[in-house]
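I have placed the structure first, in the form of structure tokens, so that the comments after it can refer back to it.
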Amino acid sequence: MEEAFPLYRWPDAARLCLRMLGNNKALWEEEVFKFVKCQRLRSVSAYLPTSEDCKLDPHVYEMVLYEFLKFDVKGFLNLIKEWPFQLYNGLAVINAIHDNFRKQDANELLESLALLYSYQGDYESALRMYLKLQNKDVFELIRRYELYNVISKLIIPLINLDRERAFKILLDRSKIKPEVVVHQLENNQEYLFLYLDSLQKVNSNNIFQHKLVSLYAKYDRTKLLPFLRRSKEYVIQDALAICKREEFYPEMVYLLGCMGGVEAAEALNIIIHRIKDVEMAIEFCKEHDDNDLWNTLIDESTKQPEIITKVLDGIVDFVNPEVVVSKIKMGQTIPNLRKSVINMLWHYNIQEELLFTALRMQLDDYFETHSEVVALHRRGQQVSYNQCCAQCQCPILMKNDNFNSIVGFKCGHMYHELCLLSNDYCTECQMWNSQPTEVE
């Protein structure tokens with residue numbers, strides 16, 4: 001060894017240390033300082049003892065790490081990964097990294113900080129380092145150490161890194177509460193929309209549904225009307241104000257229709273003059289089946305001859321077509337009016353036939369049922385010695401002549417006439433029978 005140092009054969013000297021010093025802590029610490037003077041600790045780092053049998057002073061390992069930090073950042077990272085963190089003062093090494101941070105080595109230094117913070121139990125800082133690195137191992141770190149209580153302030157960076165994996169965590173209420181997520185996403189409306197839309201699929205009864213009205217209006221209008229129909233957890237007036245501001249007419253029609261009354265008339269007016277869809281107007285009137293709405297539609301149709309026939313075709317079974325026909329002005333040209341009138345008459349003929357057939361079936365059923373009842377009344381009732389009086393529970397047939405006058409009801413119960421007293425109904429099932437059967 002003494003020959004190797006002057007000749008600057010540092011690797012050979014390091015190997016000799018391993019062979020000659022063994023587990024002698026004092027000798028190791030003495031020889032290491034010879035490498036320090038020449039800034040050659042990197043040569044001996046691979047041979048330093050790190051086991052419990054011969055663990056050197058933490059300062060020794062820190063000196064090696066400082067030298068790597070200064071001259072070989074990748075080697076520094078490898079030592080952080082390989083050496084047990086109990087060998088050195090982790091906080092001192094973290095401070096050294098911050099003091100010697102270089103942008104060109106940012107990836108290695110950030111990963112080193114992430115590992116060191118993890119060793120210290122400062123998982124939030126470790127997560128921040130991984131997020132700066134855009135390293136998706138952060139999700140594995142969260143899962144392995146169950147760091148769900150420290151990610152509340154890191155929700156947006158996590159979504160930026162991997163939205164699918166982030167939402168898998170955020171949508172699990174056992175890991176993080178929706179209230180926490182929503183609070184953090186309030187300043188990022190697009191992420192809030194994506195989160196609440198996903199939350200709606202796994203928990204349709206969540207308390208944040210009212211926020212989805214404005215979010216759907218801004219980011220995905222196609223989901224707005226189905227949501228309005230499906231959910232009742234929003235203030236209808238607020239939703240209507242949003243739809244009016246955005247001029248979302250179909251949504252306005254639905255909300256106004258739900259409010260009814262004057263608002264329903266406003267909805268019909270929007271269908272006629274804004275959406276200009278006669279079929280939709282007819283369906284709207286059918287749904288609400290309100291005379292005032294039908295009259296409004298009919299009055300509007302007479303002003304537009306081209307839609308009168310559509311109204312005539314649509315109002316069958318709801319409004320007397322005579323009301324429409326009576327409002328057509330003499331000499332007014334109505335396209336396809338003849339076809340509509342023929343269809344209307346054909347429909348009423350079919351309706352008349354259906355009513356007649358239904359009446360005939362009803363009468364046939366009545367007479368058939370009546371025949372069965374008459375036959376039932378004519379049928380005799382068998383009386384055996386095993387039967388008992390429903391009142392006194394004695395055998396219905398007795399040797400005493402006083403009790404051999406029997407009254408039977410259609411329900412099957414029988415009484416001695418004396419037991420029945422003045423009742424003309426079965427006391428067991430309260431079945432009235434104005435003409436009970438008497439058996440002498």
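Scanning region 334-357 for residues that are at pLDDT 70 or above and among the polar types (S, T, N, Q) yields 340, 343, 349, 351, 357. As a summary of the residue check, residue 47 satisfies the conditions (1) farther than 30 Å from residue 153 by Cα; (2) loosely packed, with under 14 Cβ neighbours inside 10 Å except for the one numbered (2). Taking region 406-428 as the range and being closer than 19 Å to residue 395 by Cβ and touching a strand residue (DSSP E or B) at 6+ places or on another chain (Cβ under 7 Å) as the test, the residues that pass are 406, 407, 408, 409, 413, 414, 415, 416, 417, 420. Sub-7 Å Cβ pairs linking a first residue in region 23-44 that is at positive phi and surrounded by fewer than 18 Cβ atoms within 10 Å (Cβ to Cβ) to a second residue that is modelled with pLDDT of 75 or more and part of a helix (DSSP H, G or I), at least 6 apart or interchain, are 39/67, ordered by first then second residue.
Could we say that residue 122 is of a type in the set (Asp, Glu) and over 21 Å from residue 90 (Cα atoms) here? It is false that residue 122 is of a type in the set (Asp, Glu) and over 21 Å from residue 90 (Cα atoms).
Among the criteria (1) under 26 Å from residue 139 (Cβ atoms); (2) surrounded by 16 or more Cβ atoms within 10 Å (Cβ to Cβ); (3) not basic (Lys, Arg), the one residue 82 does not fulfil is (2). Being of a type in the set (Ser, Thr, Tyr), farther than 30 Å from residue 121 by Cβ and touching a residue at least 24 places away in the same chain (Cβ under 8 Å) is a description that applies to residue 219.
All conditions but one from (1) modelled with pLDDT under 85; (2) closer than 23 Å to residue 23 by Cα apply to residue 82; the one that does not is (1). A single entry from 152, 198, 204, 214 fulfils the requirement of being without any contact (Cβ under 8 Å) to a residue 60 or more places away in the chain, touching a Ser or Thr at 6+ places or on another chain (Cβ under 8 Å) and over 29 Å from residue 69 (Cα atoms): 204. Looking at residue 113, is it more than 46 Å from the chain's Cα centre (by Cα) and surrounded by 19 or more Cβ atoms within 10 Å (Cβ to Cβ)? When the stated conditions are applied, residue 113 does not pass them.
When you check residue 331 against the structure, is it exposed (fewer than 10 other Cβ atoms within 10 Å of the Cβ) and either at pLDDT 70 or above or within 30 Å of residue 415 (Cβ to Cβ) (or both), yes or no?
On the way: exposed (fewer than 10 other Cβ atoms within 10 Å of the Cβ): yes; either at pLDDT 70 or above or within 30 Å of residue 415 (Cβ to Cβ) (or both): no.
Answer is no for this residue.
Within region 153-168, the set of residues being surrounded by fewer than 18 Cβ atoms within 10 Å (Cβ to Cβ) and of a type in the set (Val, Ile, Thr) comprises just one member, 156.
The helices (runs of 4 or more DSSP H) found wholly in region 204-291 and carrying at least 1 residues that are β-branched (Val, Ile, Thr), over 25 Å from residue 311 (Cβ atoms) and modelled with pLDDT of 90 or more occupy 209-219, 236-246.
The residues of region 85-110 that are surrounded by fewer than 14 Cβ atoms within 10 Å (Cβ to Cβ) and of a type in the set (D, E, K, R), listed by number, are 99, 102, 103. In this structure, is residue 48 within 27 Å of residue 80 (Cβ to Cβ) and at pLDDT 75 or above? When the stated conditions are applied, residue 48 passes them. Exactly one residue out of 251, 247, 266, 283 is farther than 23 Å from residue 185 by Cα, of a type in the set (Asp, Glu) and surrounded by 19 or more Cβ atoms within 10 Å (Cβ to Cβ), and it is 251. I'd like to know if region 171-180 contains one or more residues that are of a type in the set (D, E, K, R), under 19 Å from residue 207 (Cα atoms), surrounded by 14 or more Cβ atoms within 10 Å (Cβ to Cβ) and touching a helix residue (DSSP H, G or I) at 6+ places or on another chain (Cβ under 7 Å). There is at least one residue in region 171-180 that is of a type in the set (D, E, K, R), under 19 Å from residue 207 (Cα atoms), surrounded by 14 or more Cβ atoms within 10 Å (Cβ to Cβ) and touching a helix residue (DSSP H, G or I) at 6+ places or on another chain (Cβ under 7 Å).
Being over 24 Å from residue 197 (Cβ atoms), aromatic (Phe, Trp, Tyr) and buried (at least 18 other Cβ atoms within 10 Å of the Cβ), is that true of even one residue in region 130-152? Within region 130-152 (the criterion being over 24 Å from residue 197 (Cβ atoms), aromatic (Phe, Trp, Tyr) and buried (at least 18 other Cβ atoms within 10 Å of the Cβ)), the answer is yes, since at least one residue qualifies.
The values are calculated or read from the model by the stated rules, or taken from the named source; none is laboratory data. All values reported here derive from a predicted model rather than from experimental measurement. Here the Cβ is made from the backbone with ideal geometry for all residues, glycine too, and neighbour counts use every protein chain on show.
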